[in-house]
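Enquirer: Questions regarding the structure given below will be posed in turn.
The values are calculated or read from the model by the stated rules, or taken from the named source; none is laboratory data. Because the structure is a prediction, the values reported are computed rather than measured. Note that each Cβ is placed from the backbone with ideal geometry, even for glycine, and that neighbours are counted across all protein chains shown.
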């Protein structure tokens, strides 16, 4: 441990406070020699240095993966007159660092005395850096640098009784210390240690300091721009060495403290990126960052109150794909929307593409959600635990040699609570019981290391959802054991290899297992039903990026997916060739059969990012995909392109077009229930947009879109003949649809120096569908013939107006508060009493003939709801505790989710869900 | 990941969760199916419920015989509010699962000469009026709860000349791939009853009958080429032939009476069988207010002497999922009972052993005796044998 030189003129590199705060422990090494900035002010645009203050945060990039590191410091010449007068000074500079570490430009932001400005600029121009990396590639960046002029003579003169530098250097080290941030124990670099009122030294990148002082009493003060000043008295005894640890409380528990204020330089015109820290405390999401995407433009509200369905631009949930680190995952949420399957500690950011996504993505015709996991950065043991009324989770990250290893697990306990309540109820002799037991658990284990130019991740995760309903039979009722079980387990190995400068290759392989099982048992009747599928998959991806020139970047990849599924069904399949209509279903007469299905998709994609002008970006792309599933073999060639023209520093227009195809779901493609000859579902996306950076913090993004869908499977009564045998077609590809509309996102970015963050999202759209009504819709039964003609109608998820307003404030005393307000048009529905009602004497039930009814002719009432959340954080030296209260539907709006009809459809009553729902939770972190 | 499995998972989980959530929010504000409060048709009975066609009776017509038998339809119609109704019977000569509302569409698939026949058959009978002043029936008498007086019913004569036309129609309809006739199990034309009251309330109802080939075994050779399979003939070996027996016509179930147990405990013993004195009304059963009793219907087929009666068994044709072969299965009738009350509650809408283990249910008396019925309550039981046979019976309850 060496003592920092003090009193030597102009040597204060006010080290990397913000670098640490922004990038965590991994950045501390870099921060040791770099005076990085309070905040990285946007600045990530190659060779395009802004000129005005608004322009100082130029457009933007996805993710800063390595901050710049100062390697060559040049001392500035101290203005003689000011030195003579003992005047201290400070100059704040903007330094534009090039992608090769040189200094491209220096601007003076402020100077305590004009005479300091020129020498500071001159010195800074000669600095050399290890360049910053964005998405693991060297990139230009702008930093804020504070150059401090401090004459050595001032110290003894200014503070009477303090030893001079020379005197100090003759003393042994008698006082060593370690400064950390309270609550998370992160080392605080560049904290200024003052003794008896005079700055003496500052902490190094590890938060350590050494001081040479004579024995005696000391008044110690520790200061940084971002923490509350810490003051204490110490006594150095004779022949003693004092060792101290100080924990600084951050000035606020600002959730945005670690948000890099950068705007992504978007290749895709419709992409919205959210950082984890922006998301954890959005009301109405139960603290689940992934659920925040439900509040973005283009995303519809899930009917039913739980959320969870990805209703992108009026399309079905199955038209949107979800990726985790590039790998398609089957489930994003537990129980259809309660909470996401990945612990928030593992999340880095979420990209949401409501349309117009690039050639990298397949198997989606509406939108894409990609969840990025965090790069592990635990140089010390870290952890977190969270408890609320639904589940409990724990997370820990530890360094092991050159590896960082993190693990998390979560388990819900709703089943335990329900069981305890039901078991406590009195029960009479012979009376049965009914127990509903939903529960879920998940786990994630990740290990990461860097070997030469390879960043290697090993990530295993799994989730398991079970829902059991157990009816214990009485003398009258039978024992029923109903169980829904969904599980997914995946292992993802990824190597991000920097082949050479401006060339990277990311290789991924991801085997996985998935099970779906829906079963029921009726013990006394010796009957059971089961619908089970075990799916084994393996995905292999290669993503290659090469920045060939300043104006051309090439991206290409291959995407192979193989899966095999074993389907096992035990079900009361009506094998009777003809069965007289009866009032109820006979589930005791079951049949068993199985099928083995395999699927192999392989896709190849290419994108060229062209910049013929500095302000113009053109990204043409092509994806070629081949599907082999069961008896279906299909090939798709899907061109896609985006153009973005930043015609002013703060304004841009953008357009995109893409063709998207995916194979229909398996049940549409299997003989017997489906039709192997179905064409891939298809969608054309046309998007135009305008971006305006209103202020440094506020962005406006306006988009218009038109999605044209075709080849949607729809029921068909047609038959075809093969070898003289009649085969029902079941489905054909005559379904069509379209959605058009506009989306507005007005967003105030999260920053370290702002105590407000939020956005207004508004979507105006119209979504229509054309297909054939099924026999069931017409009042018949499963298997009844559908209409012969297709009919156009509002799609089931057509929500004309979707308004979401989210706001969050950081308040004093460790408090944070936020709200979410939603106003959404009701979903269309077909009134069940609109058709002709009749009573079927053989089925003993009232039925409806809807054959002359316009489908989805009415709408549910407008939905509106306010959710609020308050967090209170207590910061202790070694850990911090957060308690939160989230209140869903604050003003108890009785939103109608559905109508329930009387047996003869003569009367109906609205069904409302989610009354006022308070959720209390605790979260501890260290 | 298997993208398709993702979609399936997402959909099934979301649909399941939402459906479960919604089903947990059922409202008690809606009228109950089992509670008779307004104009209701509780049952329509066809006697006989199944009519067989003799394929050997007319060798020149391989389609079938011309019979002169009649089928009689009766409806159990109630309205505790009293008043008159207008009712109209008609016949639906095509197979319909929508109360013949799809008649025009199905008729269009028939040949022109068949269409003429169908139109003639589908013509409704004259509309009649029923009510206290009507001479045809006393509708909703003041003591309707006791079911005394004449319950509303109507008779629809059904001439068997229709059979041949129907069978020919369905046999020749290329779109009728699932026609029961193609599978030798017959066709299901329906009687349609439309009721209108005060120009405001209207109700349309449907009851099917089964017209089947009665002698497939003995007429097997005559069926050659008409069916998608070969019927086995005695003494001849034909690979993959289907061993159909000649058929016994179905009959409606027969109520014998009811048994009553005091209280709602499933362990309480039932009293002796109470035989309905007039054949279709049992009681009165004395029940104190808010008290529960268990009521169990007894059918003729449950009696010891009838247990082996072949009329309670019938053949069906089934498809073997693995081999896609047609196989014959003999099924024993399983009767279900639907329950209705004029006051108080019944625990089950339907009792059926495969769902509820037994046929009995629990009746709970109201808090106060119904004043307008002098303390009387009627419980109606409607039995179905799952192949068209139907019967009803009432139990009179006196609330004390």
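Enquirer: Among the residues of the stretch A:663-702, how many are out of contact with any helix residue (DSSP H, G or I) (no Cβ under 8 Å at 6 or more places or on another chain), surrounded by fewer than 17 Cβ atoms within 10 Å (Cβ to Cβ) and within 12 Å of chain B (Cβ to nearest Cβ)?
Expert: Of the residues in the stretch A:663-702, 2 are out of contact with any helix residue (DSSP H, G or I) (no Cβ under 8 Å at 6 or more places or on another chain), surrounded by fewer than 17 Cβ atoms within 10 Å (Cβ to Cβ) and within 12 Å of chain B (Cβ to nearest Cβ).
Enquirer: Now a separate question. From A:918, A:910, A:861, which residue is within 14 Å of chain B (Cβ to nearest Cβ) and surrounded by fewer than 17 Cβ atoms within 10 Å (Cβ to Cβ)? So that I can check it myself, show each step before the final result.
Expert: Working: A:918 fails: within 14 Å of chain B (Cβ to nearest Cβ); A:861 fails: within 14 Å of chain B (Cβ to nearest Cβ).
Of A:918, A:910, A:861, the one residue that is within 14 Å of chain B (Cβ to nearest Cβ) and surrounded by fewer than 17 Cβ atoms within 10 Å (Cβ to Cβ) is A:910.
Enquirer: In the set B:271, B:248, which member is crowded, with 16+ Cβ neighbours inside 10 Å, at pLDDT 80 or above and part of a loop (DSSP other than H, G, I, E, B)? Don't jump to the end; show me each part of the working.
Expert: Values: B:271 fails: crowded, with 16+ Cβ neighbours inside 10 Å.
Answer to the check: B:248.
Enquirer: Can you confirm whether the stretch A:376-394 contains a residue that is closer than 30 Å to residue A:644 by Cβ and not assigned by TED's automatic domain parsing to the domain that holds residue A:662?
Expert: We begin by selecting, within the stretch A:376-394, every residue closer than 30 Å to residue A:644 by Cβ; these are none.
No, that holds for no residue.
Enquirer: Quick check on the stretch A:205-218. Is at least one of its residues buried (at least 17 other Cβ atoms within 10 Å of the Cβ) and under 23 Å from residue A:92 (Cβ atoms)?
Expert: yes
Enquirer: In the list B:101, B:118, which residue meets the criterion of being crowded, with 19+ Cβ neighbours inside 10 Å and over 23 Å from the mean Cα position of the chain (by Cα)? Walk me through how you get there before you give the answer.
Expert: Numbers: B:101 fails: over 23 Å from the mean Cα position of the chain (by Cα).
Answer to the check: B:118.
Enquirer: Among the numbered conditions (1) away from chain A (no Cβ under 14 Å); (2) at pLDDT below 80; (3) not in a strand (DSSP E or B), tell me where residue B:282 comes up short.
Expert: In the conditions (1) away from chain A (no Cβ under 14 Å); (2) at pLDDT below 80; (3) not in a strand (DSSP E or B), residue B:282 misses (3) alone.
Enquirer: While we're here: Could you say which residue among A:901, A:905, A:892, A:876 is farther than 30 Å from residue B:101 by Cα and either touching a strand residue (DSSP E or B) at 6+ places or on another chain (Cβ under 9 Å) or without any contact (Cβ under 8 Å) to a residue 12 or more places away in the chain (or both)? So that I can check it myself, show each step before the final result.
Expert: On the way: A:901 fails: farther than 30 Å from residue B:101 by Cα; A:905 fails: farther than 30 Å from residue B:101 by Cα; A:892 fails: either touching a strand residue (DSSP E or B) at 6+ places or on another chain (Cβ under 9 Å) or without any contact (Cβ under 8 Å) to a residue 12 or more places away in the chain (or both).
The conditions single out A:876.
Enquirer: Only residues that are more than 13 Å from chain B (Cβ to nearest Cβ) and either surrounded by fewer than 15 Cβ atoms within 10 Å (Cβ to Cβ) or closer than 26 Å to residue A:829 by Cβ (or both): list them for the stretch A:884-907, please.
Expert: From the stretch A:884-907, those more than 13 Å from chain B (Cβ to nearest Cβ) are A:884-893; that's our starting set.
The answer is A:885, A:888, A:889, A:891, A:892, A:893.
Enquirer: Still on this structure, please answer the following. What strands (runs of 3 or more DSSP E), lying completely within the stretch A:543-640, carry at least 2 residues that are within 30 Å of residue B:314 (Cα to Cα) and either touching a strand residue (DSSP E or B) at 6+ places or on another chain (Cβ under 8 Å) or more than 10 Å from chain B (Cβ to nearest Cβ) (or both)? Break it down stepwise before answering.
Expert: Values: elements: A:552-571, A:591-613, A:616-629.
Hits in the stretch A:543-640: A:552-571, A:591-613.
Enquirer: I'd like the residue in the stretch B:381-396 that is away from chain A (no Cβ under 11 Å) and at pLDDT 90 or above and, out of all such residues, is nearest to the chain's Cα centre (by Cα).
Expert: B:391
Enquirer: So, in the stretch A:107-130, how many residues would count as being assigned to a strand (DSSP E or B) and surrounded by fewer than 19 Cβ atoms within 10 Å (Cβ to Cβ)? Let's see the steps before the verdict.
Expert: Our first condition is that a residue be assigned to a strand (DSSP E or B); within the stretch A:107-130, this holds for A:107-111, A:128-130.
Okay, now just the ones that are also surrounded by fewer than 19 Cβ atoms within 10 Å (Cβ to Cβ), so A:107-110, A:128, A:130.
Final tally of qualifying residues: 6.
Enquirer: Related question: Of the conditions (1) touching a residue at least 60 places away in the same chain (Cβ under 8 Å); (2) part of a loop (DSSP other than H, G, I, E, B); (3) under 28 Å from residue B:215 (Cα atoms), residue B:386 satisfies every one except a single condition; which number is it?
Expert: Unmet condition: (1).
Enquirer: Looking only at the stretch A:183-197, which residues are over 24 Å from residue A:384 (Cα atoms) and part of a strand (DSSP E or B)?
Expert: Quick first cut of the stretch A:183-197, residues over 24 Å from residue A:384 (Cα atoms) only: A:190-197.
A:192, A:193, A:194, A:195, listed by residue number.
Enquirer: In the stretch A:789-804, what residues are assigned to a loop (DSSP other than H, G, I, E, B) and more than 25 Å from residue A:715 (Cβ to Cβ)?
Expert: A:799, A:800
Enquirer: Tell me, yes or no, whether the stretch A:839-855 has at least one residue that is over 28 Å from residue B:350 (Cβ atoms), away from chain B (no Cβ under 14 Å) and modelled with pLDDT of 90 or more.
Expert: no
Enquirer: Restricting the search to the stretch A:289-317, which residues are at pLDDT 85 or above and within 14 Å of chain B (Cβ to nearest Cβ)?
Expert: Of everything in the stretch A:289-317, those that are at pLDDT 85 or above and within 14 Å of chain B (Cβ to nearest Cβ) turn out to be A:294, A:300, A:301, A:310, A:311, A:312, A:315, A:316, A:317.
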